[in-house]
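Presented below is the structure to which this report refers.
What follows is calculated from the coordinates using simple rules that are stated; it is not laboratory data. Predicted model only: the values in this text are computed from it and were never measured. Because the Cβ atoms are built from the backbone with ideal geometry, glycine has one as well, and the counts that use them run over all protein chains shown.
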Amino acid sequence: MRARFALLALTFALCGCNLRPLYAGGASGPVVQTLRGVAVAPIPGQTGWLVRTALVDRLGSGDAGAALYRLEVELDDDITGFGIRSDNAVTRERRTLRARYRLIDAGRGTILLDATAGSDAGIDVVSSEYATVAAEQTALERLSVEVADQIVSRIALYASRNRPVR
């Protein structure tokens, strides 16, 4: 009897917490429509190309001329060696990718969202230089996707809280 009462109380508590699905309404929902209205500005360099490609894939961005919003991203990609052996050789690296991004209303030019995203990955430095470079590149590709996912999630959260009226 107590278990049933506790379950019933928990059910009522969850109903009152005001949780809403982020992507309510599916493809025609306000969040998805806002994400489709974001044009991603070019980002310089190979890292920029990787992040921009991941962003465009996730946003479903179409024509930049018809976009309601513009996303500007500045990247900081860094590799730091640590794990030094007695012969001063690096045995481990950390690749860090940070992004500062701004969501701008294309019509007014006002900044709607100014935030940062970032991630890092550990890389083993092995005797083969080719293998180390390949590991660094693979880490960069993974980090680009992670940073793009963080940016899109934050824009979606912004869109769900600030329903655009157009």
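Between beta-carbons, use under 13 Å as the cut-off and find the net charge around ARG58, counting Lys and Arg +1, Asp and Glu -1.
On the way: positive: ARG36, ARG52, ARG154; negative: ASP57, GLU146, ASP149.
Within the 13 Å Cβ shell, the charges total 0.
Using 1/(1 + (r/R0)^6) with R0 = 22 angstrom and r between the beta carbons of ARG108 and VAL56, what's the FRET efficiency to the nearest 0.05? Mind dumping the intermediate values first?
Numbers: r = 23 Å, r/R0 = 1.06.
About 0.40, to the nearest 0.05.
Restricting to bridges with both residues inside the range 27-161, how much of the DSSP beta-bridge set is antiparallel, in percent to the nearest 5? Intermediate results must be reported in sequence, preceding the final value.
Working: 28 of 31 bridges.
Expressed as a percentage, antiparallel bridges in the range 27-161 total about 90.
What ³J(HN,Hα) values, in whole Hz, does the Karplus curve 6.51 cos²θ - 1.76 cosθ + 1.60 give for the range 147-159 when θ = phi - 60°, with x put for Gly and Pro?
5, 4, 4, 5, 5, 5, 4, 5, 5, 5, 5, 4, 5
How compact is the range 27-161 by the rule of thumb for globular proteins, expressed as Cα Rg over 2.2 N^0.38 Å?
Numbers: Rg = 17.6 Å, N = 135, 2.2 N^0.38 = 14.2 Å.
Normalised Rg, Cα atoms only: 1.24.
Need the full-extension length gain, GLU129 to THR91, defined as separation in residues times 0.36 nm minus the C-alpha distance. One decimal, nm. Present the calculation step by step, with values, prior to reporting the outcome.
Working: separation 38, 0.36 × 38 = 13.68 nm, distance 1.20 nm.
Gain on extension, GLU129 to THR91, equals 12.5 nm.
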